[in-house]
1. Please verify whether A:Thr106 is within 26 Å of A:Ile139 (Cβ to Cβ) and more than 12 Å from every other protein chain (Cβ to nearest Cβ), treating the condition exactly as stated.
2. Return the total of residues in segment B:369-384 being part of a helix (DSSP H, G or I) and under 21 Å from B:Leu141 (Cβ atoms).
3. Between a residue in segment A:53-71 that is touching a residue at least 12 places away in the same chain (Cβ under 8 Å) and outside the structural domain of A:Leu108 (by TED's automatic domain parsing) and any residue that is small (Gly, Ala, Ser) and part of a helix (DSSP H, G or I), which pairs come within a Cβ distance under 9 Å, given they are 6 or more apart or on different chains?
4. Give A:Gly419, A:Gly467 a once-over and let me know the one that is of a type outside the set (A, V, I, L, M), more than 18 Å from A:Gln308 (Cα to Cα) and touching a Phe, Trp or Tyr at 6+ places or on another chain (Cβ under 7 Å).
5. Please pick out the residue among A:Pro385, A:Pro422 that is of a type outside the set (Ser, Thr, Tyr) and within 23 Å of A:Asp127 (Cβ to Cβ).
6. All but one of (1) in contact with a Phe, Trp or Tyr (Cβ under 9 Å, 6 or more places away or on another chain); (2) surrounded by fewer than 17 Cβ atoms within 10 Å (Cβ to Cβ) hold for B:Ala493; state the number of the condition that does not hold.
7. State whether one or more residues within segment B:446-458 are surrounded by 14 or more Cβ atoms within 10 Å (Cβ to Cβ), under 29 Å from B:Arg322 (Cα atoms), touching a residue at least 12 places away in the same chain (Cβ under 8 Å) and within 19 Å of the chain's Cα centre (by Cα).
8. β-branched (Val, Ile, Thr), under 24 Å from B:Leu457 (Cβ atoms) and at pLDDT 95 or above: is that true of B:Ile316 in this structure?
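The values are calculated or read from the model by the stated rules, or taken from the named source; none is laboratory data. Everything quoted here is computed from the prediction, not taken from an experiment. Ideal geometry is used to build each Cβ from the backbone, glycine not excepted, and the neighbour counts take in all protein chains shown.
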Number of protein chains: 2
Amino acid sequence: MSGRNSTAAYEALKDRFERLAALSGAQAVLHWDRATMMPEGGAGARAEQQAILSLIAHETLTAPEVAGLIDEAREADGLDPWDRANLHEMARLHAHATATPASLVTRLSRQKSAAEMVWRKARAANDYASLAPELDKLIALVREQAAAKAEALGLDPYDALLDGYDPGRRSADIDVLFAELESFLPGLLREVMEHQARGPAALPIEGPFPVALQEKIGREVMDLIGFDFAHGRLDVSHHPFTGGVPDDSRITTRYDEADFTESLMAVIHETGHSLYERGLPPEWRSQPAGRARGMTIHESQSLLFEMQAARTESFIRFLAPRLKTGFGGEGPAWEPENVLRHYRRVAPGFIRVQADEVSYPLHVMLRYGLERAMIAGELTAKDLPAAWNEGMERMLGIVPPDDAAGCMQDIHWPSGSFGYFPTYTLGALAAAQLFAAAKQRHDGIEEALGQGDFAPLLGFVRTHVHGKGASRTPDEIVSEATGEPLGTAAFKAHIEARYLGK
Amino acid sequence: MSGRNSTAAYEALKDRFERLAALSGAQAVLHWDRATMMPEGGAGARAEQQAILSLIAHETLTAPEVAGLIDEAREADGLDPWDRANLHEMARLHAHATATPASLVTRLSRQKSAAEMVWRKARAANDYASLAPELDKLIALVREQAAAKAEALGLDPYDALLDGYDPGRRSADIDVLFAELESFLPGLLREVMEHQARGPAALPIEGPFPVALQEKIGREVMDLIGFDFAHGRLDVSHHPFTGGVPDDSRITTRYDEADFTESLMAVIHETGHSLYERGLPPEWRSQPAGRARGMTIHESQSLLFEMQAARTESFIRFLAPRLKTGFGGEGPAWEPENVLRHYRRVAPGFIRVQADEVSYPLHVMLRYGLERAMIAGELTAKDLPAAWNEGMERMLGIVPPDDAAGCMQDIHWPSGSFGYFPTYTLGALAAAQLFAAAKQRHDGIEEALGQGDFAPLLGFVRTHVHGKGASRTPDEIVSEATGEPLGTAAFKAHIEARYLGK
């Protein structure tokens, strides 16, 4: 095979992935619009549009000539390390896609849309019975996909799904990390609760907090952190998310006029996701090597800003007086110490997205166990509520009052995302490790946060995380940025320092 | 060829056109989002997404097997008249698409996006010099397309473009109708102006009219006319338009806090477009026979509601007290007679979308002449402003103060739409003819409008226009609904009755 033909093969692949990037960008707009703008009656037509675009993308990625082009491109001379990484990603995406038959791709896309729309109503009406049959249909299709991928990739079915969210991750690794967490976290949670009980209680911060003001302050904080509104938007959806494409990044939040704290932190969280997308290498925008490196790294970026940086005492001291002025608040409840107490309150609760960072991993471990059972065929939708409630009691010692606050709270399963949940906690571990490394390598990161200046922290992750795109594995990114493989030590040290003063 | 194979061929075509409908629906969302929601920095990525989807649609429609499938499907037994019309439309769309090479489709899509984005800034800054080179590049590509289509369809280049907007329409027919208009309209315009000058002047309706109130009242009027908000939205864009798909119809307007009248009528206009889309036969949603029948019929539906129905004395008598209450207005300016004077004021002006219905056709005739010259290669962007101003002086006796109020006012040319403008006036002729026929066939249409009830009028067009989809030609729809071929008589009678009391 000549070098020239091999180079041409690689160029042909790049053209094909440019087309895939455009399709994926179009899908991102359709998805964002559905969650933020679309009238309910548009659901059927939208599901059809999304299914057809999924099918076209699948056909583009699995066309008969692609395997040959990949083989041929591997012989090409003159590919630099980024090209090599790009080709490696192309092959990985191709292997995932060819594992799933086209007809299953369409059925999955349609059922995801259908189940998600039912979920929106079912959750609002606390009507799990209407969701269960749709969820069972979806689980059956996801299991079919998991089995097909397992066969093609030589992995366990759950691992085959997990690999789609966090490349290279295996449940065996997660089991080790989660076992470590389980060995210390319940005890640590009790210790934190006791320590907290000995201190002063947080004074309530009295509302109401009008949506327009919350949005204004949210935008100001986004601006501080480095969000560029010429390349993005802030809107409202049921479940906050980051959508769009790197040059047009759309984040969402939701507002509660009785409590601004949750929405504001959701904004900071999604801004962390958005900055990651925006910081991906621009010269690789439409190629696989220029994409985000999976959901563990993505979550590490949102939590780095939300949990690590924005909840430091330095930043809260900067933020609190601005919140007080912005909302026209008065009295001791607005003092930094009290705001800090709100943002660091630890209390087991029903809702994952409202959970403190100490109990959050327990929510994830519950879901991880349940979704592994669903993919293994050992748990159906009918039995999910009971299994959920039993797990909540075992993990957190509390049982939700209804399924809306229980197994229906998250969009992930109704939208077909199985294998996604563990990345939240892996991301939390990575965030703690990255923040510790950033502070160790660069003096003055906390001092800058005290001035509302996120630039030094952003600079660290721009270089060590964002700019690497998908050229390294998730674990390589963490190891190279922090000098250590992904582990639980930094997270444990962070919890002990922040909540026990150790 | 066996009937069974022919039937299979038709079914295969239907599957293909279902895919095309989904692609077109996705494009509609991307287009709407670009005009209403997208941050400026997203333009590059969006242009790429739109270009790739255009290319994929073009490939889907022009794939080598399609011509054979069409030939084979023509032999199918058991196709009912709708299927026959559907197949006819498939063949027409295929002929248009195969006429344009794929590489040209992509270049056109990219240049349309580029020129439109430049136009948005250039118009705002009255900077025609920045638009001219982009427009010339675009005209060159459109001429390339016109020549290719002319060759393939056996038409004159301009007619080949026109046929894409108004199937079966030829410039020779337009020349006849426009010559008739030219024979009476300038004289009629003078007569109306003189008649108007003899009556009382309209009292100014004093603002300001807050955007939020205008939007609220606009939504109430949309609701009256029959807009279903479970299947659509109202938003803001530079140039009002109707986008989306029949089950998710997105209309836009723009607001001027000093004058609510224009925005409100724009809302009614776009609602007319939207109701047409929504009334297309649901069982043919994703097939060519279920699509709108070109822009002349589309415009006839918007003008039927905006110009014919909403400006009747009956409806204005219903509307005026509600406007007064809604805006908290006081005094004689809010009396129905005075509101009617505002909505029927005739005065030659610079801006087409603000023009009264008497002078409007003169704006269209100007553009028709200029775009024919551009497509014929007889007029370039450099010479457009001078030709525009000369034409304005000749047609309307006035010269715009700058290009923003002159040749840069419309989005059509910068977005690559040549052959579209004449359909505005053909639509106005059709609207007058349809409204006259509706009143003749159904008693009480005006009385119902006096109660704010559009249902009888809507019922007439649901049956005679909307429900026919693309199963008939535009001229067949008009003839069958009104008993007459499309002409200028009803329009002339309407102007004389409304403005001269004849």
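1. Numbers: within 26 Å of A:Ile139 (Cβ to Cβ): yes; more than 12 Å from every other protein chain (Cβ to nearest Cβ): no.
No.
2. At the first step, the residues of segment B:369-384 found to be part of a helix (DSSP H, G or I) are B:369-375, B:381-384.
Now restrict to residues that are under 21 Å from B:Leu141 (Cβ atoms): B:370-375, B:381-384.
Adding up the residues that qualify gives 10.
3. none
4. On the way: A:Gly467 fails: touching a Phe, Trp or Tyr at 6+ places or on another chain (Cβ under 7 Å).
Just one listed residue meets the conditions, A:Gly419.
5. Values: A:Pro422 fails: within 23 Å of A:Asp127 (Cβ to Cβ).
Answer to the check: A:Pro385.
6. The one condition B:Ala493 does not meet is (1).
7. Yes, there is a match, as at least one residue in segment B:446-458 is surrounded by 14 or more Cβ atoms within 10 Å (Cβ to Cβ), under 29 Å from B:Arg322 (Cα atoms), touching a residue at least 12 places away in the same chain (Cβ under 8 Å) and within 19 Å of the chain's Cα centre (by Cα).
8. Numbers: β-branched (Val, Ile, Thr): yes; under 24 Å from B:Leu457 (Cβ atoms): yes; at pLDDT 95 or above: yes.
Spelling it out, B:Ile316 is indeed β-branched (Val, Ile, Thr), under 24 Å from B:Leu457 (Cβ atoms) and at pLDDT 95 or above.
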